[in-house]
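A.B. asks: What follows is a single structure, and I will ask about it in a moment.
The values are calculated or read from the model by the stated rules, or taken from the named source; none is laboratory data. From a predicted model like this one, the values you see are computed outputs, not experimental measurements. Heads up, the Cβs are rebuilt from the backbone with ideal geometry, glycines too, and the neighbour counts pull from every protein chain shown.
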Amino acid sequence: MTRGPRKGYSLQNVLMAAFLICLSLILAFVLLSVVPRVSRMLRQSAIERTRETLQQGLNSADLYVNSALTALHYACSQVPEEPLSNGGDWRDRLLFMRNSRNDTVSLAFFLEDGSLLYGTDGALRLTPAEVRQAPWFERALQGEGALSAFSLPHVQQLFFDQRRLVISLSRSLPYTEQGVERTGVMLMDIDYLRFSQVADSIRLGLSGYAYLMDEQGRLITHPRLKEINNGLYAEDREAVLKQRVGLSRDSVDGRERQLIISTLNQTRWRLVGVAYADEILSLQSAFLRTISVALAAAVLLSLAAASLMAFWVTRPIRALESKMSLVDKGELNIRMDETGFREIRSVSQAFNHMLARIRHLMDQVLQEQETKRLHELNALQAQINPHFLYNTLDSIIWMQERGRGAQAVEMVSALARLFRISISRGRSEILVSEELEHVRNYMIIQQMRFRDRFVYQVDCQEEAKNLRVIKLIIQPLVENAINHAMAALADQQLHIGVRAYLEGEALCFEVSDDGVGIPAEKLAHLLEAKPGIDGIGLKNVHERIRLSYGAPWGLEIQSVEDEGTLVTVRLPRDKEKRL
Amino acid sequence: MKRVLIVSAVCLLLALGLMLWGFAMDRQPAVTEASGYCLLLVREDTGSDLMQLRKGLEAALGGRSLRLERLPAGPVRPDQAPYAAAEALFLYGDASDSLLEALKPLNKPIILLGESREGYAAVLHDEYAGGELLGQEILGSLPEGRVLAIGDSAQPAQARRYEGLLAELGERVLRLDSAQDLLNQDVSDTVCIAALSGAALEEMGALKRSGTLPAALPLYGVEAVESRVGLIEEGLLQGVVVDSPYAMGYIAGQLLARGAAELRYSPMKLVLPDTLYLAQNAQLMFPLLQ
């Protein structure tokens, strides 16, 4: 028998796919729920850290500005109310103040008319009128002593032989001159380079920086101020001008930048921190990169684990499949290992039981077939029983010697027909008509031998003639009747009847005689009797019928002592119901 | 079994390799100092212009170091230090054919500063733009009238400045070769004098100081040297176009990064009395301040 092609999905692949799908769902959940949150948190944390750094810078800048203003205020406090008439102590203190601060370039006090009353750095180069027109002078007066004015960075040109890049702080200072209240201006120049360190020292990441800008967008400090002044670099200040405090973003040379804007308290200058996103968010980038690598590695590891796990789980099933293939090829002497998972163990046990049962059934069938053949052989042997043959041949010789040639021919013919049907070219089944013919020939021979001590009648229902039955089942019954019934009847003629008919689903044969019958105690064990010399016995026929047709079929023996015996053979009529 | 083991082994190896590669990227790369250097070759190794130029070059080169080397009086030996190990050469003020020929075997990038040659990257001051700036200022601040431009047309830089001035002022400009020529002119209808060279400006300044030229006659000029500040402060000079050696050096550094043999111009700037002391002009007019 050839097998068709395998169809359907492999259990191993299905298990592997199921595992991968489950893991993918878990990874997707992590990816969609955890990663964005953590990534956002890292981003916010990075920006917050940058803000804190800038805030520290802002605090430093505010501190510096406050200290400068404090210094200016202190300088103002040193000037007496009538400075023109007072001595030089306050001048010495101003000079000491200038020398004590390493960022202070000069201190100078100007009178209301713009003339220099005292300056720490020599003679004034400008005329009083030019001084009065200087922006720092005018703005100081506008502050009216309450506010100090900060100038933009510039080259200080007030004094001879001194050119310094400075930021000027100026403040108006009331004084009295000959009883008249006037307003002068205290000027303090701070070295620009030292001042710019306040912002230039702020580092935001590897490339980030901070710069100061006034309210009109003019740069106060910038780490790339030279390039900007030379038109080699530009800082987009428009966006920054739109807000005093907050965050903004821009892009320069393809790099995204975070702008953090804050305002100095005293000067209202904006301190702008510029942080490059790819630097401050390096942790976020590293996290995303790491999580991506980890997820990709997890997928690969899961694939490996899924493969191994699916293989391990399905291994006993494959072993089962393999051994079943061997069984399919006819190898029945195998045994599954009853180990592993409970379900597999249960299947293995059932499989082993099934195999054992199959082996047992096959042995049983073989044995039955063997028994059948044995019975057939016995039946054949009975047919060529030497006694029967000897007696028959002896009878033939006797007839021939007595001149009964015709009877001898008839006996020989009957004997030939008897053996021909017995052999039946090796067939185990013959037609009902042939079985009855076989019985008829037997009874012809026996009738001649026993000189009509019995008479017989053979009838067959027309519909039953062409049905097939196992051979040599009626002759033993007739032989039994002749041997036992006739022997008991000394001088009475035995009547033997053989009939074949259909009864429902059964094909029935009846062998009846009016002999002495069978005692009840013997009748009960009749089918257990061992075959004797004179015949193979009812048991043999009964077993042969059961071997061929199954349990419900066989012999039924009814007998009444001194009246007779009826043996009914019941066989299935339809071939399909036969074994 | 074999197939499963192979698949599992391949997946494991891939996962391992992926993790090693991925996590290795997180490690900070070792900061290595640049071993090479660039060479700035000059004839004179002093001066504020050179200082500014060097600063601009260093700013553009980033982490690479820059060495200043004075050119020898005799021939250059390119196979010897410091030429041989230099990654690039910047020539400032002297780009003679013989020098370029001598340096050619080095097969290193050579960038010229202040001069240009066919096939070489170079940075020049934008003299033409400088002339334009002067012209625009004169147009914007002075009434219609004649403008006398003092400059030697044989000098390429002065010629370029004149072209720029001419582009803005057109027929208003009258070019004179020297101060002597100016003195032969009637300046009564002249609205201003534009000195196209530093020397010419010095002469004009001196003439104004001496009263030979009217002090009120507006004077514009070129080149930022300390004396210009004095002229401006005295009110004798109304504006000066200055170049930026810092910008020249910076642009030269950018050219090296670009690797192209192109000619670039560094920007010029017009400084007026109102803007003289601003911080953005401090570097130009007071280079020794920083």
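A.B. asks: For the stretch B:233-290, what are the residues that are within 12 Å of another protein chain (Cβ to nearest Cβ) and polar (S, T, N, Q)?
C.D. replies: Listed by number, the residues that qualify are B:244, B:254, B:266, B:275, B:280, B:281, B:283, B:290.
A.B. asks: For residues that are surrounded by fewer than 17 Cβ atoms within 10 Å (Cβ to Cβ) and either of a type in the set (A, V, I, L, M) or under 20 Å from residue A:301 (Cβ atoms) (or both), tally how many sit in the stretch A:8-23.
C.D. replies: Of the residues in the stretch A:8-23, the ones surrounded by fewer than 17 Cβ atoms within 10 Å (Cβ to Cβ) are A:8-11, A:13-14, A:17-18, A:21-22.
Keeping just the survivors that are either of a type in the set (A, V, I, L, M) or under 20 Å from residue A:301 (Cβ atoms) (or both) gives A:11, A:13-14, A:17-18, A:21-22.
Number of matching residues: 7.
A.B. asks: Another question about this same structure. On the given criteria, is residue A:55 in contact (Cβ under 8 Å) with a residue 40 or more places away in the chain and under 30 Å from residue A:276 (Cβ atoms)? Show your work before the answer.
C.D. replies: Values: in contact (Cβ under 8 Å) with a residue 40 or more places away in the chain: yes; under 30 Å from residue A:276 (Cβ atoms): yes.
Considered against the rule, which asks whether it is in contact (Cβ under 8 Å) with a residue 40 or more places away in the chain and under 30 Å from residue A:276 (Cβ atoms), residue A:55 comes out as yes.
A.B. asks: Further question: Return the total of residues in the stretch A:175-199 being farther than 15 Å from residue A:116 by Cα and surrounded by fewer than 20 Cβ atoms within 10 Å (Cβ to Cβ).
C.D. replies: Qualifying residue count for the region: 9.
A.B. asks: Also, quick follow-up: Would you call residue A:403 outside any helix (DSSP H, G or I) and exposed (fewer than 11 other Cβ atoms within 10 Å of the Cβ)?
C.D. replies: On the way: outside any helix (DSSP H, G or I): yes; exposed (fewer than 11 other Cβ atoms within 10 Å of the Cβ): yes.
Taking the combined requirement at face value, the residue satisfies it.
A.B. asks: Checking the conditions here, which among A:348, A:302 is assigned to a helix (DSSP H, G or I) and within 14 Å of another protein chain (Cβ to nearest Cβ)? Give the steps one after another, and end with the answer.
C.D. replies: Values: A:348 fails: within 14 Å of another protein chain (Cβ to nearest Cβ).
Residue meeting the stated conditions: A:302.
A.B. asks: Condition (residue is at pLDDT 85 or above and either facing chain B (nearest Cβ under 8 Å) or closer than 17 Å to residue A:57 by Cβ (or both)) applied to the stretch A:276-289: is it met by at least one residue?
C.D. replies: Yes, the stretch A:276-289 has at least one match.
A.B. asks: Right, next: So which residues in the stretch A:237-292 are of a type in the set (Gly, Ala, Ser) and within 54 Å of the chain's Cα centre (by Cα)? Quick ask: steps written out before the conclusion?
C.D. replies: Of the stretch A:237-292, the ones of a type in the set (Gly, Ala, Ser) are A:239, A:246, A:248, A:251, A:254, A:262, A:273, A:275, A:277, A:282, A:285-286, A:292.
Of everything in the stretch A:237-292, those that are of a type in the set (Gly, Ala, Ser) and within 54 Å of the chain's Cα centre (by Cα) turn out to be A:239, A:246, A:248, A:251, A:254, A:273, A:275, A:277, A:282, A:285, A:286, A:292.
A.B. asks: Which of the following residues is surrounded by 15 or more Cβ atoms within 10 Å (Cβ to Cβ) and either among the β-branched types (Val, Ile, Thr) or over 23 Å from the mean Cα position of the chain (by Cα) (or both): B:73, B:122, B:149? Working first, answer last.
C.D. replies: Working: B:73 fails: surrounded by 15 or more Cβ atoms within 10 Å (Cβ to Cβ); B:122 fails: either among the β-branched types (Val, Ile, Thr) or over 23 Å from the mean Cα position of the chain (by Cα) (or both).
Being surrounded by 15 or more Cβ atoms within 10 Å (Cβ to Cβ) and either among the β-branched types (Val, Ile, Thr) or over 23 Å from the mean Cα position of the chain (by Cα) (or both) holds for just one of B:73, B:122, B:149, which is B:149.
A.B. asks: Still on this structure: With the condition being within 18 Å of residue A:170 (Cα to Cα), I'd like the helices (runs of 4 or more DSSP H) fully within the stretch A:1-120 carrying at least 2 qualifying residues. First the steps, then the outcome.
C.D. replies: On the way: elements: A:11-29, A:35-78, A:89-100.
Per the criteria, A:35-78, A:89-100.
A.B. asks: Please list, ordered by first then second residue, the pairs with beta carbon atoms under 9 Å, 6 or more apart or interchain, first in the stretch B:156-178 and farther than 20 Å from residue B:191 by Cβ, second in a helix (DSSP H, G or I) and among the polar types (S, T, N, Q).
C.D. replies: Pairs found: none.
A.B. asks: Suppose we filter B:39, B:113, B:50, B:99 for residues that are away from chain A (no Cβ under 14 Å) and touching a Phe, Trp or Tyr at 6+ places or on another chain (Cβ under 6 Å); which single one remains?
C.D. replies: On the way: B:39 fails: touching a Phe, Trp or Tyr at 6+ places or on another chain (Cβ under 6 Å); B:50 fails: touching a Phe, Trp or Tyr at 6+ places or on another chain (Cβ under 6 Å); B:99 fails: touching a Phe, Trp or Tyr at 6+ places or on another chain (Cβ under 6 Å).
Only one candidate passes the filter, namely B:113.
A.B. asks: List the residue pairs whose Cβ atoms are under 7 Å apart, where the first residue sits in the stretch B:105-126 and is in a strand (DSSP E or B), the second is charged (D, E, K, R), and the two are 6 or more positions apart or on different chains.
C.D. replies: The qualifying pairs are B:121/B:262; B:122/B:115; B:123/B:264; B:125/B:243.
A.B. asks: Just wondering, is there one or more residues in the stretch B:167-178 that are in a loop (DSSP other than H, G, I, E, B), out of contact with any Cys (no Cβ under 6 Å at 6 or more places or on another chain) and surrounded by 14 or more Cβ atoms within 10 Å (Cβ to Cβ)?
C.D. replies: Going residue by residue through the stretch B:167-178, those that are in a loop (DSSP other than H, G, I, E, B) are B:177-178.
Pick out the ones that are also out of contact with any Cys (no Cβ under 6 Å at 6 or more places or on another chain) and you get B:177-178.
Cutting the leftovers down to surrounded by 14 or more Cβ atoms within 10 Å (Cβ to Cβ) gives us B:177-178.
Taking every residue of the stretch B:167-178 in turn, at least one turns out to be in a loop (DSSP other than H, G, I, E, B), out of contact with any Cys (no Cβ under 6 Å at 6 or more places or on another chain) and surrounded by 14 or more Cβ atoms within 10 Å (Cβ to Cβ).
A.B. asks: Hey, another quick one. Give the number of residues within the stretch A:150-192 that are among the hydroxyl-bearing types (Ser, Thr, Tyr) and at pLDDT below 90. Outline the logic, then answer.
C.D. replies: Start the filter on the stretch A:150-192 by keeping residues that are among the hydroxyl-bearing types (Ser, Thr, Tyr), which leaves A:151, A:168, A:170, A:172, A:175-176, A:183, A:192.
Filter again for at pLDDT below 90, leaving A:151.
Qualifying residue count for the region: 1.
A.B. asks: Right, next: Within the stretch A:126-144, which residues are surrounded by 14 or more Cβ atoms within 10 Å (Cβ to Cβ) and assigned to a loop (DSSP other than H, G, I, E, B)?
C.D. replies: Listed by number, the residues that qualify are A:126, A:134.
A.B. asks: Another question, then. What number of residues within the stretch A:182-227 are in a strand (DSSP E or B) and over 17 Å from residue A:263 (Cα atoms)?
C.D. replies: The first filter runs over the stretch A:182-227 and keeps only residues in a strand (DSSP E or B), leaving A:182-191, A:204, A:208-213, A:219-221.
In the following step, the residues that additionally are over 17 Å from residue A:263 (Cα atoms) were identified as A:182-191, A:204, A:208.
Residues meeting the conditions: 12.
A.B. asks: For the stretch A:200-253, name all the residues that are closer than 12 Å to residue A:272 by Cα, among the aliphatic types (A, V, I, L, M) and either surrounded by fewer than 18 Cβ atoms within 10 Å (Cβ to Cβ) or out of contact with any Phe, Trp or Tyr (no Cβ under 9 Å at 6 or more places or on another chain) (or both).
C.D. replies: A:210, A:239, A:240, A:241, A:245, A:247
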